[in-house]
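Asker: Handing you a structure now.
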Amino acid sequence: MILSGFILSFMIGGILAWMAALKNLVLARWISLITVCFNLFIVIILWVQHLQGDESQSAWILDFSLPWIPRFGIGFHLALDGLSLLMLLLTFFLGALSVLISWKEIQHQVGLYHFCLLWVLAGITGVFLAMDLFLFFFFWEVMLIPMFFLIIIWGHENSRYAAFKFFIFTQASGLLMLVAILGLYFVHANQTGTFTFDYFQLLGADIPSGAAMWLMLGFLAAFIVKLPVIPFHTWLPDAHSQAPTAGSLILAGLLLKTGAYGLLRFIVPLFRDQAVAIAPWAMAIGVFGIIYGAILAFSQTDLKRLVAYTSVSHMGFIMLGVFSFNMIATQGVVMQMITHGISTGALFILAGIIYERIHTRDITRMGGFWKSMPFLGTCGLIFAMASLGLPGLGNFVAEFLVLVGAWQATHKLTIIATIGLVAATIYSLRILQKVFYGNQSATHGLADLSFREKLVMIVLVVSLIWLGLFPQPVLNTSRPSVNVILETTASSDENGTRNPKIITIKQKRYTHE
Amino acid sequence: MNDLLWLIPALPFLGSIILILAGTRLSKKSVPLIGVGSVGVSALITLLIGYDFISSDTPPVIKQVLWNWIDVAGFSPSIALHLDSLSLVFIFVITFIGFLIHVYSSEFMVDDDGYARFFAYLNLFVGSMLILVLADNLLLLYFGWEGVGLCSYLLIGFWYQEEKNGYAARKAFIMTRVGDTAMAIGLFMIFKTFGTLNITDIQLQAPVMWEIGATEGTIIAFLLLGGAVGKSAQLPLQTWLPDAMAGPSPVSALIHAATMVTAGVYLITRMHVVFELAPTAQFVVGVIGSVTLLIAGFSALTQYDLKRVLAYSTISQLGYMFLALGVGAWSAAIFHFMIHAFFKALLFLAAGAVIMALHHEHDMFKMGGLRKKLPVIYWTFLIGAASLAALPLITAGFFSKDQILWLAWAGEKGNVWFFLVALSGAFITAVYTFRMVFLTFFGEEKSHVTHIPGSFINIPLIILAILSTLAGFIELPHSFGHFQLFTNFLNPLLPATTLQSEIESTEWMIQVSAAALSIGGTLLAYYLYVKRPSLHAQFKSAVPQLHNFLLHGWRFDSLYDWVFVKPFVYLAAINKNDFVDWPYNALVNVASFIHRMFAFTQSGILRWYLIGVVLGAILILTLGLML
């Protein structure tokens, strides 16, 4: 019940905000802020309860199921496990920040804006909770369309191009996923006679390996375009740089994570053999992305575009980690999803704050901002350090875990990925140099942050440091889910590492209880 | 008392946090109170713990687990501290010299806008460095390792408005990060091999796991060496250190002389078990050390900038430490680290005072005659310089360097080449050291003294000068006294160096020749720069290429520029618009081209439509007839 409440509250909150904006803009903002914060509050309570509870046998914490279109085996099935819980925390956390950060930035169509914002969040929440593939696809679309409007209406100078590009890339790949979902549905029905889209029942499907490869590729297409993986990343720099600040924040912080989530939730458990088969390629392409994204980030002069390419680079770690198929790397991937969401979101907020003051994203026209905005400078320093993987901040834990885990699977690729850390250093320091150091370039008065902006920044900084020093609560929360995803019950050795070849032989199916 | 161990790193961190948060709102008086005070209390606790440590019969090992950091499937490093005699030496140097440098900075930086920011970074540095040497596992060590790198970056670029300072800062960070990458890969390998990153466990398991010369052990040793080479500015990653002098002088003293740059020495010493099992890697450590000490020594001979001489000298002295590590003279390396920390911090601080007194003049050839104007600086600088040049018997540097020379010759892993390099290095050291002294303090006055340092600058100098002299007497060679307090203190932890079997009683010969060379070097410098100052100018104009080659640090920068920097920048620049986007754009262009073609046919002109209908009909009829 709570689970559907999350989604419904966003949808209703969005409509209320839209209506309220007809009378009072501030009220609309407050409505959406309260909606997100309320949900954040609830999910924090859920998390704290979960952490205090004993480690229960089942990885699933909450389950909610209603028949929707029973004739086709479509159910309104939501379920929450540790992984989804963490993703919801991230969603609501960044959601609250995106409302706060739009407070002054968005001045026209305020009601519609908040409607779109909350509906995107509703879609994302649904994606992280849906345990029915049809429902999953439904939410996958729900998050796409309001996002399209966020970019096109409130975006920057070239927003039409960016919005359409974003839409076409996502839609085309989503279509492939729909085909794959239907394929899986019919294959399963052929074998068992039951027509169902239910995740847990489909997990048991025994798919002929030829078909399985194609079905897997269909799912994979949607996820690696969202993630994104080279060469499907080119929508991202455009969409990120043209979207309004909150749009970039949600794109980088959440939408990319739905791709990573899809890999973990669907690709690995549903198509294990196929995933193992493509693992070397997937890892290689991920590692290539790490380096390629970093080099491109270095050459950009548009601050938001630069940060967008760093996302391409960081998402390479997700590919590397997911396809290493071991506990350490996968836990690293979960950490990376969260910490990258926060740190990159933070960099986009920083770019937005600067844009509000000087109305440009061109870093060649920035410089020396430390003098007038020391508070922002300190925060920017911390975000840049997070981005280059400085120990003590969350991203280090994530990337180090991925690399330690990946080392068990592949040496060469791990070495190249580690070299990516040097490239990350180069572009991160370039941001600092161009924006905050050097001679003060802008002559207009730059006000340091307002209270609202400071609040946002402090929350981001504290959460990054907290994740860097005390990542264990997060790791504990995701462990049961990751265990289920990897099936590391019997065949793991004490390091939690497994030889993928063994998995294919000892493959066991698990059933939903 | 031992329970207070965690406070030693925690206090500087706390100081840093307070200064960052409250920074600009604090008064000029309360900033140093927090900044200096936090390190001062840390130093005090270190002394107390150190007293307990020394006075107990069996040297204890203090472990303190603060919390579990990460725990995933057997990968479970914790935030835990480990104090033994080796880390005690390091935390003593870090907190005590750190404290003196903080005191010095409270006067040196007082007029700077970023007064609070400076102390915040400096405190952050001290905290990270303490974590580095107190870490009980390699991941926490890596935490400190990267933390000090960050602080080094921040402090080199402290005066951020100058473009070149930012460049130097980035260079330092990126180059050390190259080494860190090797080290990180080393950690992955270590974890895969041992299933843990705990240092004590690794030391216990390594000899069981590997025989001497095992490939895996050798690779790991080389990877760790990569990290050490980056941090300690050894060949081939040494070029960042001279540029790092862009930072304020106290920073050069603390980070780029006394503490951070010795992290590599610490790492190798800490992992000495691994290096002993990998003789090839250990030999390479020695080779790197000896080559670096010569290269940097020669470069130091030609510099104009007072601080750059000291920077090259630091690289060279670190080369000595690496040489010592390479021959397995573990405690000799650590002893030289400590003594070097004293005299090099002293030299940097004194140089900073000189530069401040001359209103930011760095060029030694524009100084001179400061002996009378700045007597305290002169005398302390002279004592430091004597120690660096290892003038016999009266200086601490003599005793620490002598030990390295002796073991490079007589140690089991030593050889005549290591020894000769070290010996000629001693001569070069004496020459460039006293070149510096004579140019700065002797001769005629060329720049006007605008600022006389006060007591917060003088007192740390005097204390360091005393240490640079007296600290040598805690470790006396075999030939006189054979009083080995320091070695004995480290002994159970760091094994004594085995000597070659037939070498006996040549130690005094080595001492005499080293002493003769350092005195000779001093005299040569006197001759060249006081007696016949025209001579060195003649030399310079006789071989200008050689002079420039040495001045620019053997042109390593140009080499790296061509091999790494330029291709990277070029590659990035040509692909700024991401060629992956081309096929997509091509698709769009083709689609819109076809669209335009079809749109063209829909012209609204009836004649065209009729022609179209007729042509179509003819085409269909023709086809129908032909088929």
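The values are calculated or read from the model by the stated rules, or taken from the named source; none is laboratory data. Because the structure is predicted, anything quoted here is derived from the model rather than measured. All Cβ positions, even for glycine, are placed from backbone atoms using ideal geometry, and neighbour counts span all protein chains on display.
Asker: Out of the residues in region B:162-171 meeting the condition of being facing chain A (nearest Cβ under 10 Å) and touching a helix residue (DSSP H, G or I) at 6+ places or on another chain (Cβ under 7 Å), tell me which one is farthest from B:Ala116 (Cα to Cα). Spell out the reasoning first.
Answerer: Within region B:162-171, the first condition is being facing chain A (nearest Cβ under 10 Å), and the residues that meet it are B:162-163, B:165-167, B:169-171.
Remaining after also requiring touching a helix residue (DSSP H, G or I) at 6+ places or on another chain (Cβ under 7 Å): B:165-166, B:169-171.
On the way: B:Asn165: 19, B:Gly166: 20, B:Ala169: 20, B:Arg170: 22, B:Lys171: 25 Å.
Checking each candidate, the answer is B:Lys171.
Asker: Taking B:Thr440 as the residue in question, decide whether it is touching a helix residue (DSSP H, G or I) at 6+ places or on another chain (Cβ under 7 Å), among the β-branched types (Val, Ile, Thr), over 23 Å from B:Leu310 (Cβ atoms) and at pLDDT below 90. Lay out the reasoning, then the answer.
Answerer: Working: touching a helix residue (DSSP H, G or I) at 6+ places or on another chain (Cβ under 7 Å): yes; among the β-branched types (Val, Ile, Thr): yes; over 23 Å from B:Leu310 (Cβ atoms): no; at pLDDT below 90: yes.
No.
Asker: Still on this model: Quick check on my filter: what residues within region A:339-370 are among the β-branched types (Val, Ile, Thr) and over 15 Å from A:Met457 (Cβ atoms)? Write out each step before concluding.
Answerer: Of all residues in region A:339-370, those among the β-branched types (Val, Ile, Thr) come to A:339, A:342, A:344, A:349, A:353-354, A:358, A:360, A:363-364.
Scanning region A:339-370 gives A:Thr339, A:Ile358, A:Thr360, A:Ile363, A:Thr364.
Asker: From B:Ile452, B:Ile459, grab the single residue that is surrounded by fewer than 24 Cβ atoms within 10 Å (Cβ to Cβ), farther than 30 Å from B:Gln282 by Cβ and modelled with pLDDT under 90. Steps first, please.
Answerer: Details: B:Ile459 fails: modelled with pLDDT under 90.
The conditions single out B:Ile452.
Asker: Condition first: surrounded by 24 or more Cβ atoms within 10 Å (Cβ to Cβ) and touching a Gly at 6+ places or on another chain (Cβ under 9 Å). Now tell me which residues in region A:103-115 satisfy that.
Answerer: The answer is A:His114, A:Phe115.
Asker: Taking region A:421-445, which residues are modelled with pLDDT under 90 and more than 9 Å from chain B (Cβ to nearest Cβ)?
Answerer: Once the filter is applied, which keeps residues that are modelled with pLDDT under 90 and more than 9 Å from chain B (Cβ to nearest Cβ), region A:421-445 yields A:Lys434, A:Val435, A:Ser441, A:Ala442, A:Thr443, A:His444, A:Gly445.
Asker: Next question. Can you list residue pairs whose Cβ atoms sit under 9 Å apart, with the first residue in region B:277-289 being surrounded by 19 or more Cβ atoms within 10 Å (Cβ to Cβ) and the second being of a type in the set (Asp, Glu)? Count only pairs 6 or more apart in sequence or on different chains.
Answerer: Short answer, once both residue conditions are applied: B:Leu277/B:Glu211; B:Gln282/B:Glu276.
Asker: A further question follows. Of the residues B:Ile199, B:Ile190, only one is more than 12 Å from chain A (Cβ to nearest Cβ) and either modelled with pLDDT of 90 or more or surrounded by fewer than 20 Cβ atoms within 10 Å (Cβ to Cβ) (or both); which? Give the steps one after another, and end with the answer.
Answerer: Details: B:Ile190 fails: more than 12 Å from chain A (Cβ to nearest Cβ).
Exactly one of B:Ile199, B:Ile190 is more than 12 Å from chain A (Cβ to nearest Cβ) and either modelled with pLDDT of 90 or more or surrounded by fewer than 20 Cβ atoms within 10 Å (Cβ to Cβ) (or both), namely B:Ile199.
Asker: Another question, if that's okay. Given B:Leu124, B:Leu130, which one is within 11 Å of another protein chain (Cβ to nearest Cβ) and either in a helix (DSSP H, G or I) or surrounded by 24 or more Cβ atoms within 10 Å (Cβ to Cβ) (or both)? Steps first, please.
Answerer: Working: B:Leu130 fails: within 11 Å of another protein chain (Cβ to nearest Cβ).
None of the other options fit; the residue is B:Leu124.
Asker: May I pose another question? Report, by residue number, each residue of region A:368-383 that is crowded, with 22+ Cβ neighbours inside 10 Å, in contact with a Ser or Thr (Cβ under 7 Å, 6 or more places away or on another chain) and facing chain B (nearest Cβ under 10 Å).
Answerer: Of everything in region A:368-383, nothing turns out to be crowded, with 22+ Cβ neighbours inside 10 Å, in contact with a Ser or Thr (Cβ under 7 Å, 6 or more places away or on another chain) and facing chain B (nearest Cβ under 10 Å).
Asker: If I filter region B:133-161 down to residues being within 8 Å of chain A (Cβ to nearest Cβ) and outside any helix (DSSP H, G or I), which single residue comes out as surrounded by the most Cβ atoms within 10 Å (Cβ to Cβ)?
Answerer: My answer is B:Gly157.
Asker: Could you pull out the residue among B:Phe419, B:Phe486 that is closer than 30 Å to B:Tyr104 by Cβ and assigned to a helix (DSSP H, G or I)?
Answerer: One residue alone meets the criteria, B:Phe486.
Asker: Is at least one residue of region A:155-166 touching a Cys at 6+ places or on another chain (Cβ under 9 Å) and not acidic (Asp, Glu)? Let's see the steps before the verdict.
Answerer: At the first step, the residues of region A:155-166 found to be touching a Cys at 6+ places or on another chain (Cβ under 9 Å) are none.
Scanning region A:155-166 turns up no residue that is touching a Cys at 6+ places or on another chain (Cβ under 9 Å) and not acidic (Asp, Glu).
Asker: Does B:Ser105 satisfy the criteria of being away from chain A (no Cβ under 14 Å) and buried (at least 23 other Cβ atoms within 10 Å of the Cβ)? Before you say what the answer is, go through the steps one by one.
Answerer: Numbers: away from chain A (no Cβ under 14 Å): yes; buried (at least 23 other Cβ atoms within 10 Å of the Cβ): yes.
Yes: the conditions hold for B:Ser105.
Asker: Right, here's the next one. Residues B:Ala572, B:Ala586: which one is aliphatic (A, V, I, L, M), within 14 Å of chain A (Cβ to nearest Cβ) and under 33 Å from the mean Cα position of the chain (by Cα)?
Answerer: Working: B:Ala586 fails: under 33 Å from the mean Cα position of the chain (by Cα).
Only one candidate passes the filter, namely B:Ala572.
Asker: With the structure loaded, tell me whether A:His114 is more than 23 Å from A:Thr477 (Cα to Cα) and not in a helix (DSSP H, G or I) or whether it fails that test.
Answerer: no
Asker: Also: For region A:401-417, give me each residue that is in contact (Cβ under 8 Å) with a residue 40 or more places away in the chain and either within 10 Å of another protein chain (Cβ to nearest Cβ) or buried (at least 21 other Cβ atoms within 10 Å of the Cβ) (or both). Reasoning before the result, please.
Answerer: If we filter region A:401-417 for residues that are in contact (Cβ under 8 Å) with a residue 40 or more places away in the chain, which is where we start, we get A:401-406, A:408-410, A:413-414, A:416-417.
The answer is A:Leu401, A:Val402, A:Leu403, A:Val404, A:Gly405, A:Ala406, A:Gln408, A:Ala409, A:Leu413, A:Thr414, A:Ala417.
Asker: Let me ask another. Are there helices (runs of 4 or more DSSP H) fully within region A:190-253 with at least 3 residues that are surrounded by fewer than 24 Cβ atoms within 10 Å (Cβ to Cβ)? List them. Before you say what the answer is, go through the steps one by one.
Answerer: On the way: elements: A:199-203, A:209-226, A:235-242, A:245-250.
Qualifying helices (runs of 4 or more DSSP H): A:199-203, A:209-226.
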